[in-house]
Amino acid sequence: MGFIMLAIGLVCVVEGLAYALAPSLMERSLEVLKAMPIETRRRVGLGALAVGVGFVWAAFALGFGS
């Protein structure tokens, strides 16, 4: 449970930093995202999911998960 809370906290930190440090860049990024077709957004999301799973797997493989 602690691992899940840590992961959610880290996501919130990264998201918060992005909006706090570059709000206009985030606004433009959201406009670009909105202009993308749904299938492209789905593929981007699946790619991000795969990268995230890879990072989690690597962290566990290096011994950071236990």
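For this structure, a couple of remarks:
- Among residues of the range 56-66 being hydrophobic (A, V, I, L, M, F, W, C) and surrounded by 10 or more Cβ atoms within 10 Å (Cβ to Cβ), the one that is nearest to residue 30 (Cα to Cα) is 56.
- Single residue of the range 2-21 satisfying the filter (touching a helix residue (DSSP H, G or I) at 6+ places or on another chain (Cβ under 9 Å) and open to solvent by less than 80 Å² (accessible area, probe 1.4 Å)) that is modelled with the lowest pLDDT: 7
The values are calculated or read from the model by the stated rules, or taken from the named source; none is laboratory data. This one's a predicted model, so the numbers in the text were calculated from it and none came from an experiment. Cβ coordinates were reconstructed from backbone atoms using ideal geometry, including for glycine residues, and neighbour counts include every protein chain displayed. We work out accessible area using only protein heavy atoms, side chains counted, and drop any ligands, DNA or RNA first. Shrake-Rupley method; radii C 1.70, N 1.55, O 1.52, S 1.80 Å.
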